[in-house]
Amino acid sequence: MSLKKLKIRKTLKDFIPYEWEVSSKEIAKKIKIKEKDIIRFDTNTSPKLPKKWLEILFSNLKNIKLNEYPDTSYLTLRKLISRYLDLNPNNINITNGADEGLDILAKTFIDKGDLNVISSPTYTYYKSVIQIAGGKIIEIPRKVNFEDDDEEIIRTGKRNNVRLFFLCRPNNPTGNSIRKETVLQLLEETDSIIVIDEAYNEFTKNNDSLVKLIKIYDNLVIVRTFSKAFSLAGARVGYLVGSDRIIKLINMVRPPNSLSVISLKLAEIALNDLNIVKENIDFIVKERERCEKKLKEINGIRTYPSETNFLLIKIDNLDYEYVFQELMRKGLVVRNVGRTRGLEKCLRFSVQDHAENTRLIEALYSIFDNKNL
Ligand SMILES: Cc1ncc(COP(=O)(O)O)c(C=O)c1O
């Protein structure tokens, strides 16, 4: 093969890509256990996929026109989401997962050299989409216990040269939420685009969402997904919520047909079965509280309050890399975030089914040689 000098974009030269999760197959090979014995706690997904939804999908399959493109306006799903959020369908734009939503937002709003703010540490894909669009990143470090630095966020916003804020509420990987008052102040006092990523919103107390604010502020965009509370990460369905003007701009930029007709159908089935969704959310929240309580009893593990389907823990008395590897050796794969600035010695794990969570907790107890379980 003749190796040409590839003409890649300059912006990609110093680009640090999003770190993909390794497949279970690769992990199984590396640690020499069977793939089926691996439990993934590292993807923030749900263990609860209702069988009933698949049965409804199967019984619908023969009517789904796979030879045709989907309705590009995705109207049926937009209507169902608008009913779920009590908003107008015109204020909703469907995306291929929330990640595509973030990508579309960067393409719509960020020009080369523009400044964009994130409250670090946060979801790492924001950096990727900003950099790919040629934008610059202002990272505002979080304070003690991962609280957002509200004053600095507002001060930076008031400089009026920020194109866009990516704020994750509640935040991945720290589990806490930026104060509503801070977001309101940003919306009032700046003309930046304020993106609130609500991927984990359904796990918050009293469903603390900011979607309704799009009726008042037309520089606000909310990012949502079916990957977490709706248990449909594999279907890849997300959506953006914004004012008429925002959605019109997004429609100019977004790919016309990025969703499969099957994924659209699955999201529709889920929205028609909200009782099950609610049951699953309640289950995850209860399990999260149980895990937190048990882990608090281990001397050497620090837990942080979470409003999501995952917990962030800090390892104090032992080397966190050792704890990570020991769990991995038992087939329990958690997310090692300890090398990220601001998350030193931290591990993150998503709440799974009862038995799986118990296995993880027991493994941590035995690693810390604490027999109080
Ligand atoms: C904060 C946040 N936003 C967006 C996403 C991406 O979600 P999706 O699966 O819908 O692309 C994730 C996934 O983990 C996330 O944590």
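With a simple spin-label model that places each label point 7 Å from the Cα along the Cα-to-Cβ direction, the separation between K107 and D218 comes to 2.4 nm. If you average 1/r over all unlike Cα pairs in segment 67-170 and invert the result, what Kirkwood radius do you get in angstrom? Mean inverse Cα-Cα distance, inverted, gives 15.6 Å. Distance between the pseudo-spin-label points of K25 and D353 (7 Å out from Cα toward the beta carbon): 2.4 nm. For segment 1-131, a Kirkwood hydrodynamic radius built from all Cα pairs, placed in the Stokes-Einstein relation at 4 °C and 1.567 mPa s, yields a translational diffusion coefficient of 65 µm²/s. Taking segment 79-115 and a reference point 7 angstrom along Cα→Cβ of Y69, the backbone N atoms nearer than 16 Å belong to 94-96. Over segment 286-345, the pair-distance histogram of Cα-Cα distances with 5 Å bins from zero comes to 4, 16, 26, 29, 20, 5, 0 percent, rounded to whole numbers. If each Cα of the chain is one equal point scatterer, what is log10 of I(q)/I(0) from the Debye formula at q = 0.09, 0.11, 0.15 Å⁻¹? Ignoring solvent entirely, the Cα scatterers give -0.55, -0.83, -1.43. Between E151 and K180, the FRET efficiency estimated from the beta carbon spacing at R0 = 22 angstrom works out to 0.85. Share of pairwise Cα-Cα distances greater than 23 Å in segment 251-373 is 43 percent (whole percent).
The largest-to-smallest principal axis extents of the Cα set in segment 305-373 are 32, 27, 22 Å. With the simple spin-label model, which puts each label point 7 Å out from Cα in the Cβ direction, the N90 to K143 separation comes to 4.2 nm. When the trypsin sites (Lys or Arg not before Pro) in segment 1-64 are filtered for DSSP coil states and for at most 12 other beta-carbon atoms within 10 Å of their beta-carbon, the remaining sites are K4, K5, K7, R9, K13, K32, K34.
The alpha-carbon atoms of segment 104-237 define a convex hull whose volume equals 109 cubic angstrom per residue. Over segment 169-308, the ratio between the Cα radius of gyration and 2.2 N^0.38 Å evaluates to 1.20.
Calculated from DSSP H runs of 4 or more alone, at -39500 (n - 2.57) each and per residue, what is the 222 nm mean residue ellipticity of the chain, nearest 500?
The per-residue figure over the chain is -11000 deg cm²/dmol.
If R0 is taken as 25 Å, the Cβ-Cβ distance between K13 and T340 corresponds to a FRET efficiency of 0.65.
Please compute the Kirkwood hydrodynamic radius of segment 64-111 from all pairs of different C-alpha atoms, in Å with one decimal.
Details: mean 1/r = 0.0811 Å⁻¹.
In segment 64-111 this quantity evaluates to 12.3 Å.
In this structure, L6 and K34 have a Cβ-Cβ separation that, at R0 = 41 Å, corresponds to a calculated FRET efficiency of about 0.50. Once the convex hull of all Cα atoms in segment 151-226 is built, its volume per residue stands at 95 Å³.
Read-outs throughout are calculated quantities, based only on the coordinates presented, and are distinct from any laboratory measurement. Predicted model only: the values in this text are computed from it and were never measured. All Cβ positions, glycine included, derive from the backbone under ideal geometry; neighbour counts span all protein chains shown.
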